[in-house]
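Working notes, structure below.
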Amino acid sequence: MADSSSFQRLQHQIALVTGGSSGIGAGVAKAMAAEGATVIVNYAHSAEEAQEVVAAITEKGGKAVAIKADVSKEDEVLAMFDQIREQFQTLHILVNNSGIQQDSTFLEMTLEKWQKVIDVNLTGQFLCAREAAREFVRRGPQPDVSKATGKIICMSSVHEVIPWAGHVNYATSKGGIMQLMKSMAQELAPHKIRVNSIGPGAIKTPINHEAWETPEAAEKLLTLIPYGRIGEPQDIGDVAVWLASDEADYVTGTTIFADGGMTLYPGFADNG
Ligand code: NAD
């Protein structure tokens, strides 16, 4: 937590982090609060988990509240934005982070599993980004708060570019997020709204616990990570803070991979 007397990069800004109640979202929420943002911790299911994140932030002198909404449901997203305007007047930063995996081989993939992952991971990001962009345009510039009128950060994945057998619904949702992000960035730039993605590699969170919680699994996973360590939510929180800050004011329409080199085709390091 930054000293309250020192410069904080997100001071006087309101940030919504979807799925902020666990994993990467919780890491981003804490990192943004430490930089002075008032953070809205969105959650879909566990109010208790969301309140733990809020408490962790407020205990350190930060500002946070929890708001429930299923990002795949338009009426719930609209109600969440109404509540944000009522409580905080506006929004400056959206972190489109909510995401799920429902794995299956391609041959066994049901329409239900396909649709559920697309609904949460892709349609959820569309709905929240549209409402955030509408709010940014309605409010207009606030140059004393931030150079950009609004900032949208989409949580993508290395699977935006790396195909993933057994996870076609997830990989498709992340590939879709790339074009969603870039098309929004192109269209919204004249409004001084910046849109970018973060592509995490393997980060220790509940979504992929099977991939890192035993020593054997972690060892196998590390063969995919040239940098030699599995990532932590804070690694992504740090990138999100920078992307949302004025230090990144000329950055829009790009994905920053924070993956310890997972996108460097590590299989070719000694085999080409
Ligand atoms: P996680 O399971 O801890 O977090 C996912 C969050 O999304 C949870 O807070 C969950 O409650 C929320 N969520 C699920 N369905 C929702 C819905 N319908 N509405 C609102 N919120 C909903 O896992 P995580 O690893 O922290 O995942 C966060 C994001 O990071 C996801 O988009 C995921 O695809 C992405 N990601 C994670 C990794 C990794 O290695 N952990 C790698 C690449 C990308």
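The values are calculated or read from the model by the stated rules, or taken from the named source; none is laboratory data. Since we're looking at a predicted model, the values are computed, not measured. Cβ coordinates were reconstructed from backbone atoms using ideal geometry, including for glycine residues, and neighbour counts include every protein chain displayed. Keep in mind that these areas ignore ligands, DNA and RNA; they rest on the heavy atoms of the full protein, side chains included. Shrake-Rupley method; radii C 1.70, N 1.55, O 1.52, S 1.80 Å.
So here's what we get for this one:
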| item | result |
| --- | --- |
| Built amide H within the under 5 Å cut-off of Ala64, gap 5+ | Val39 |
| Residue-count net charge about Thr90 - beta-carbon cut-off 14 Å; Lys, Arg +1, Asp, Glu -1 | 0 |
| Relative packing of peptides 213-223, 73-83 - highest average C-beta neighbours within 10 Å first | 73-83, 213-223 |
| Local electrostatic count at Glu52 - Lys and Arg +1, Asp and Glu -1, tallied over other residues with Cβ under 14 Å | -1 |
| For the range 1-119, the spread of Cα positions along each principal axis, largest first, Å | 58, 27, 24 |
| Environment charge of Ser104, counting only residues whose C-beta is closer than 14 Å and scoring Lys/Arg +1, Asp/Glu -1 | -1 |
| Cβ-Cβ FRET estimate between Phe88 and Gln179, R0 fixed at 30 Å, reported to 0.05 | 0.45 |
| Efficiency of FRET between Asp75 and Gln102 - r from beta-carbon atoms, R0 30 angstrom, step 0.05 | 0.85 |
| Space enclosed by the convex hull of the alpha-carbon atoms of the chain, per residue, Å³ | 140 Å³ |
| Most to least packed among 13-23, 95-105 [average Cβ atoms within 10 Å] | 13-23, 95-105 |
| Residue-normalised accessible area of the chain, given per residue in Å² at a 1.4 Å probe | 49 Å² |
| Stokes-Einstein translational diffusion, the range 137-250 - Kirkwood Rh over all Cα pairs, 1.567 mPa s, 4 °C, in µm²/s | 81 µm²/s |
| Karplus-derived 3J(HN,Hα), 6.51/-1.76/1.60, for each residue of the range 61-70, Hz, glycine and proline x | x, x, 10, 7, 9, 10, 9, 8, 6, 7 |
| 3J(HN,Hα) from dihedral phi, the range 14-21, Karplus parametrisation 6.51/-1.76/1.60, rounded to Hz, x for glycine, proline | 9, 10, 9, 10, 6, x, x, 8 |
